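This report concerns only the one structure given below.
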């Protein structure tokens, strides 16, 4: 059975300043042909660490006139993404100049610091734009083909249903606590089994 996609918040104490699907007219006025905002904007301070929201491989790390400095990370296994079995790609946008710490081909784990927030590209202030796409890896882990590129959001989908309630920065700590709870539960079940014998 294919695991459901889970995304950890890439910014600690994440506060959303612009949600999914809004302000389409503003983007079209800037020459971006989308029906609405194709991601989630999180407030961030200049230089705030941005963390990988899931395990994967960096499929792109570079610069774009709209995105400024940005990084894309793909899962290395197919996930259940809203009922569709596909690879997921997350996009992290507006790092400060030379603020990208991970580069194309790098493997990352949830919680790894991948760069530092700023306002490069088409941006009205320091923040992190976070996007999600689903697709297929064509010939290598670095060759991601987006599903539904003409969906009005340049292939992006709303990441909201896939958030865990945890910050990626805390992934190691949260995972450790969960593993300890599982071990404790196994011990209790073992004791109960022995008592029934």
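The values are calculated or read from the model by the stated rules, or taken from the named source; none is laboratory data. Given the structure is predicted, the values throughout are model-derived calculations rather than measurements. Counting neighbours? That spans all protein chains shown, and the Cβs are built from the backbone with ideal geometry, glycine included.
Out of the stretch 141-170, which residues are under 19 Å from residue 53 (Cβ atoms) and part of a strand (DSSP E or B)?
Listed by number, the residues that qualify are 144, 146, 156, 157, 163, 164, 165, 166, 167.
Can you tell me which residue in the stretch 92-121 is modelled with the lowest pLDDT, limited to those that are closer than 20 Å to residue 159 by Cβ and not in a strand (DSSP E or B)?
121
Output the residue which, of all residues in the stretch 41-56 that are assigned to a strand (DSSP E or B) and under 15 Å from the mean Cα position of the chain (by Cα), is farthest from residue 148 (Cα to Cα).
Within the stretch 41-56, the first condition is being assigned to a strand (DSSP E or B), and the residues that meet it are 41-43, 49-51, 56.
Imposing the further condition that a residue be under 15 Å from the mean Cα position of the chain (by Cα) reduces the set to 41-42, 49-51, 56.
Working: 41: 22, 42: 25, 49: 31, 50: 27, 51: 27, 56: 22 Å.
Only one residue tops the list, namely 49.
Could you list, in sequence order, all residues of the stretch 28-50 that are within 14 Å of residue 91 (Cβ to Cβ) and touching a strand residue (DSSP E or B) at 6+ places or on another chain (Cβ under 8 Å)?
Within the stretch 28-50, 37, 38, 39, 40, 41, 42, 50 meet the criteria.
Would you confirm whether any residue within the stretch 23-40 is assigned to a strand (DSSP E or B), surrounded by 14 or more Cβ atoms within 10 Å (Cβ to Cβ) and touching a residue at least 24 places away in the same chain (Cβ under 8 Å)?
yes
Of the residues 76, 59, which single one is in a loop (DSSP other than H, G, I, E, B), in contact (Cβ under 8 Å) with a residue 12 or more places away in the chain and in contact with a strand residue (DSSP E or B) (Cβ under 9 Å, 6 or more places away or on another chain)?
On inspection, the qualifying residue turns out to be 76.
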